[in-house]
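Each remark here refers to the structure printed beneath this line.
The values are calculated or read from the model by the stated rules, or taken from the named source; none is laboratory data. In this text the structure is predicted, and so the values were computed from the model without any measurement. All Cβ positions, glycine included, derive from the backbone under ideal geometry; neighbour counts span all protein chains shown.
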Amino acid sequence: MLRKAQRRLAFFSQYRQFTELNDRLRPEFQSSWADRWPRLDDQTEHLPFDAHYVYHTAWAARVLAETRPERHVDISSYTYFATIASAFVPIDFYDYRPADIKLSNFSSGKADLCQLEFQDRSLESVSCMHTIEHIGLGRYGDPLDAEGDKKAFRELQRVVADQGSLLIVLPVGKPRIQFNAHRIYDLEMVCEQLPELSLHRWAVLPDDADGGLVDNPDNDFVLQQKYACGCFWFRRQ
C-alpha cells in the first residue's frame, strides 16, 4: 500500500511538471486532469512479457518460415501468431469461438477440435498451440469431457496429409491436471497420442525461462519441470 501511495504522489507531481512544460512548448496537445490515464506499474527495469506466448509463437513462426506451406491451418492458437504469420503464409484460422478478424491472406471460421470437418489426410500444414490442454474442462464454454484432449489429438492426427506437418504446443512437466485451467503432459504422453506421426523436432521453455528454448531435451528433463512450455513438430512420413 505504501509503494502504491508513493507512485500516486509521484504521478501527481509529474503531471503538474509536465503540464507546465506542455502548455508552454506544445499547446496543440490539450491536457486536463479529467483526461488522465495513470500507468503506475510500467516503470520496470526490463520489458515484461509472457514467456510462454512470446517463445512458442516465435518457434512456430520459424517453422513456417522454414517449411513455407502453400496454406497453413491454425486451430485455436494465439490469434497474434495466426495474424502475423499470414503476412508470409496464407492462414485459415479456426476456433470454437470464431474470431471476427479481417486481414488479407487470412480467413477465420468456427471449428470443434473434437470433430473437425476436414477430410482424412487433407492438410499440408496444421498448428494447434496452447489449446489441447484445455479441451473438455469447460473453461471456454466447451462440454465437460475427461477425454476431450484425446479426441483432439486423434482429430489432428487424422487430418495431417502425407509428408505434412503438425505443430503442437502444450504445458509440459510432471503430469497433472489443474481444473479447469489445463492439463500438463510429459514427452511420452504426447507422443503416445500421435502414433501415426513422427516427432521431427521439439523444444522446451523451462520453468526457469532465462535461457530461452532448450532443443530436443529428454523426458527426464521434462519431469523436472512444473509448468514448462513444450513445442512439438510432428510429421507424417
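Exactly one residue out of Val222, Val190 is surrounded by 15 or more Cβ atoms within 10 Å (Cβ to Cβ) and farther than 15 Å from Met129 by Cα: that is Val222. Counting only residues that are among the small types (Gly, Ala, Ser) and surrounded by 13 or more Cβ atoms within 10 Å (Cβ to Cβ), which one in segment 1-60 is farthest from Gln225 (Cα to Cα)? Top of the filtered list is Ser31.
Can you find a residue that is surrounded by 12 or more Cβ atoms within 10 Å (Cβ to Cβ), assigned by TED's automatic domain parsing to the domain that holds Tyr94 and under 23 Å from Ala51 (Cβ atoms) anywhere in segment 153-161? No, the conditions are met nowhere in segment 153-161.
Mind telling me which of the residues Ile177, Ile184, Ile135, Ile168 ends up being assigned by TED's automatic domain parsing to the domain that holds Asn219, more than 18 Å from Tyr94 (Cα to Cα) and surrounded by 15 or more Cβ atoms within 10 Å (Cβ to Cβ)?
It is Ile184.
Here Ser122, Ser127 are screened, and the one residue that is within 24 Å of Gln237 (Cβ to Cβ) and in contact with an Asp or Glu (Cβ under 6 Å, 6 or more places away or on another chain) is Ser127.
Selection of strands (runs of 3 or more DSSP E) fully inside segment 45-158 by the criterion of at least 1 residues being among the aromatic types (Phe, Trp, Tyr) returns 91-95, 106-110.
Residue-level check: of (1) closer than 22 Å to Ser77 by Cβ; (2) surrounded by 15 or more Cβ atoms within 10 Å (Cβ to Cβ), Pro217 misses just (1).
Taking the conditions (1) farther than 15 Å from Met129 by Cβ; (2) within 20 Å of the chain's Cα centre (by Cα); (3) small (Gly, Ala, Ser) in turn, Ser104 satisfies each one other than (2). Here Thr79 qualifies as over 24 Å from Gln163 (Cα atoms) and of a type outside the set (Phe, Trp, Tyr).
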